[in-house]
Amino acid sequence: MKKSSSRTFLTYAILIMAFMIVLGFLLVQITKKFMLDAVQERVFAEGSYIVSMLDEGEDRRYSNKLQQLQVMSEKLDIGLVLYNHEEGAILNTSSSLDELNNVPVINTIESRIMGNNRLERGLLKDDVYYYPFYLEDEEAYLVLTLPIQLLTGFTFNVWLLIGFVLAVALVVIFVIGYHFKDKYIKPIRSAAGVARKLAEGNYNARTYETQSGEGGQLTNSINLLAQNLYEMNIQREMQTDRLIAVVENMDSGLVLINEKGYIQLINRSFLDTFQGDASSYIGYLYYDAIAFEEVHNVVRDVFMLEDHVQKTMVVHQGIERRFFAVSGAPIFNHNQDWKGVVLVLHDITEMKRLEEMRKDFVANVSHELRTPITSIKGFSETLLGGAQEDSEVREQFLNIIYKESERLQLLIGDLLELSKLEKEDFPLDIQQVSVATLFDDVLSLVRHIALDKEILLEVELKEPTLQIEVDSARFTQLLLNLLTNAIQYTPKQGMVTLMAFRVGEEVCIKVKDTGIGIPKEHLSRIFERFYRVDKARSRDSGGTGLGLAIVKHIVEAHDGKITVDSEPNKGTTFTIMI
């Protein structure tokens with residue numbers, strides 16, 4: 001048993017022992033009183049009879065009286081002591097008062113005989129009951145003595161019985177207590193322990209199930225409750241994990257504000273976008289934690305209108321501008337009670353950039369198409385107006401119309417080419433191609449242009465047998481665009497270098513020139529459609545503004561990467577990793 005169980009059992013055992021001892025004491029006293037009363041009645045009756053016989057007897061001789069007393073003592077089985085102070089013991093048939101040497105007993109007897117209440121005359125001493133009579137005629141004392149060892153034996157038997165009953169009671173209590181503990185206390189304690197663990201969040205706790213009784217019903221119910229709580233907790237954890245996974249992996253920032261305006265939840269995307277940690281936001285009022293006035297206005301409008309509100313916000317991060325669509329929605333519970341506001345901040349910077357690029361593209365295409373068409377139309381009208389009669393003017397105008405139409409055809413061809421490259425299912429004819437062969441094919445197409453500008457073309461190929469897996473036609477177009485640009489923007493007597501070498505499992509191809517270079521602020525935009533660093537010079541060179549955009553799309557179609565390094569007045573280097 002545990003300590004508390006032992007303490008309880010000991011307490012009940014002590015109470016029962018105390019009760020049995022008190023009960024035994026009362027029983028002994030009551031029995032003793034009853035037996036003494038019975039003995040006293042007997043002794044008094046027999047003594048009165050003896051005294052009356054002595055007083056009423058015809059034979060008044062002293063010797064005869066003594067003989068009668070002797071006979072009566074034997075018949076009644078009672079001790080008789082007749083004595084006076086002068087002669088001492090006259091007759092003594094009792095072994096309890098030997099020669100009247102028990103002075104305390106004699107004194108007590110003589111003092112009690114003077115009392116008026118006969119019930120107080122008797123004396124119990126050393127298991128012998130003494131009862132005195134005073135004989136006035138003889139001036140002597142007659143003491144009746146009756147041994148009552150039976151009373152002592154009865155008292156012993158009573159205590160023995162009480163001890164036996166007590167021992168049996170203790171055994172019964174132990175058996176009943178053990179049975180009660182095993183059937184009721186143990187299941188209850190086990191159930192209480194499991195309930196405590198369940199309250200602490202340990203839903204794996206189980207109790208031993210008994211087979212019968214209320215304890216069995218309790219343990220079964222506790223285990224069923226634990227199983228249900230475990231399953232509910234698993235479901236709740238799964239839902240929580242799914243919710244956290246969704247919230248934390250959203251591309252958009254999310255903020256949850258309660259009905260009092262305090263921030264209760266903020267996701268990782270918001271923290272990554274606007275910096276800081278969750279402790280800087282959660283638990284604070286939204287207008288203290290978030291510094292953007294547009295967000296304050298959205299929250300305020302949602303609180304006032306109790307409806308969805310959406311606004312656009314511009315955030316300046318260094319030299320960069322980022323655009324966000326801020327959406328706010330009210331939160332209601334199933335009773336339609338107001339619970340707060342949820343904010344979603346979606347980064348639409350890329351969308352804005354694409355929109356601006358689309359607008360720029362449309363404007364640039366319109367501009368690029370309008371210029372040659374305007375020239376063709378103008379010179380055609382001039383010829384139709386009479387200038388065709390002059391052969392010299394007619395030839396000059398026709399040459400201009402031819403060049404502009406050729407430029408228009410080139411522009412439309414590049415637009416169609418770029419459109420093809422932007423398709424996701426654009427087909428590539430990938431083959432194992434010799435880099436040296438690629439270089440020879442491209443250089444044969446641009447060598448005459450380089451000679452006209454007195455530009456030196458160099459090839460650096462560390463491995464003459466270097467192979468690359470590409471679409472030969474598309475890659476030739478890529479290198480042709482890069483080399484054409486390099487020659488166009490390199491002054492006379494400059495140099496353009498074409499090199500290739502292996503870097504690990506990749507092939508690195510570089511086109512390097514000693515041209516005018518590109519300012520740093522333009523490097524991030526040179527691959528955009530129609531973007532020109534020097535618009536006037538680019539248009540004079542005959543380019544369409546789509547060459548580098550086509551280069552970039554061809555590289556990306558081959559799962560490659562292109563970078564550019566440039567320094568004004570020193571040259572530019574394009575690096576391709578395939």
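The values are calculated or read from the model by the stated rules, or taken from the named source; none is laboratory data. Everything quoted here is computed from the prediction, not taken from an experiment. We place every Cβ from the backbone using ideal geometry, glycine too, and count neighbours over all the protein chains shown. Each accessible area value is taken on the protein alone, full model and side chains, heavy atoms only, with ligands, DNA and RNA left out. Shrake-Rupley method; radii C 1.70, N 1.55, O 1.52, S 1.80 Å.
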Exercise for the section: Could you grab the pairs with beta carbons closer than 7 Å, sequence gap of 6+ or different chains, first residue in the range 475-489 and under 15 Å from Leu456 (Cβ atoms), second one part of a helix (DSSP H, G or I) and of a type outside the set (Ser, Thr, Tyr)? Expected result: Leu483/Val442; Leu483/Val446; Ile487/Val446; Ile487/Ile449; Ile487/Ala450
Problem - Selected residue (criterion: least open to solvent (accessible area, probe 1.4 Å)) from residues of the range 486-519 that are assigned to a loop (DSSP other than H, G, I, E, B) and more than 23 Å from Asn569 (Cα to Cα) - result: Gly504
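For residues that are at positive phi and either modelled with pLDDT under 75 or not charged (D, E, K, R) (or both), scanning just the range 68-102, find the one that is most open to solvent (accessible area, probe 1.4 Å).
Taking the range 68-102 and keeping what is at positive phi, we get 77, 88, 99-100.
Still in the running and either modelled with pLDDT under 75 or not charged (D, E, K, R) (or both): 88, 99-100.
Numbers: Gly88: 19, Glu99: 142, Leu100: 37 Å².
Per the criteria, the residue is Glu99.
Please determine whether any residue of the range 249-257 is assigned to a helix (DSSP H, G or I), assigned by the TED database to the domain that holds Arg300 and not aromatic (Phe, Trp, Tyr).
So in the range 249-257, the residues assigned to a helix (DSSP H, G or I) come out as none.
Checking the range 249-257: not a single residue is assigned to a helix (DSSP H, G or I), assigned by the TED database to the domain that holds Arg300 and not aromatic (Phe, Trp, Tyr).
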Practice task
Have a look at Ala245, Ala195 and point out the one that is modelled with pLDDT of 80 or more, hydrophobic (A, V, I, L, M, F, W, C) and closer than 30 Å to Thr11 by Cβ.
Solution key: Ala195
Practice task
Could you please find all residues in the range 421-440 being hydrophobic (A, V, I, L, M, F, W, C) and modelled with pLDDT of 70 or more?
Solution key: Leu428, Ile430, Val433, Val435, Ala436, Leu438, Phe439
Problem - Of residues in the range 226-247 being of a type in the set (Val, Ile, Thr) and open to solvent by 80 Å² or more (accessible area, probe 1.4 Å), the one nearest to Gln264 (Cα to Cα) - result: Ile244
Completion exercise
Residue hits (the range 9-38; touching a Gly at 6+ places or on another chain (Cβ under 9 Å), open to solvent by less than 70 Å² (accessible area, probe 1.4 Å) and of a type outside the set (A, V, I, L, M)) are Phe9, Gly24
Problem - Complete set of residues in the range 458-485 that are open to solvent by less than 40 Å² (accessible area, probe 1.4 Å) and of a type in the set (A, V, I, L, M) - result: Leu466, Ile468, Val470, Leu478, Leu479, Leu482, Leu483
Fill in the blank from the handout: Considering residues that are over 23 Å from Gln217 (Cα atoms) and in contact (Cβ under 8 Å) with a residue 12 or more places away in the chain, the number found within the range 164-200 is 6
Exercise for the section: Looking only at the range 452-464, decide whether some residue is within 21 Å of Ile430 (Cα to Cα), assigned by the TED database to the domain that holds Asp559 and in contact with a Leu (Cβ under 6 Å, 6 or more places away or on another chain). Expected result: no
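Within the range 278-295, how many residues are surrounded by fewer than 12 Cβ atoms within 10 Å (Cβ to Cβ) and over 14 Å from Leu256 (Cβ atoms)?
Going residue by residue through the range 278-295, those that are surrounded by fewer than 12 Cβ atoms within 10 Å (Cβ to Cβ) are 279, 283, 288, 291, 293.
Retained after the next criterion (residues that are over 14 Å from Leu256 (Cβ atoms)): 279, 288, 291, 293.
Within the range 278-295, residues that are surrounded by fewer than 12 Cβ atoms within 10 Å (Cβ to Cβ) and over 14 Å from Leu256 (Cβ atoms) number 4.
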Practice task
Would you check if there is a residue in the range 106-114 being polar (S, T, N, Q), modelled with pLDDT of 75 or more and open to solvent by 20 Å² or more (accessible area, probe 1.4 Å)?
Solution key: no
Handout entry: Count of residues meeting criterion [open to solvent by 70 Å² or more (accessible area, probe 1.4 Å) and in contact (Cβ under 8 Å) with a residue 40 or more places away in the chain] in the range 427-453
Key = 3
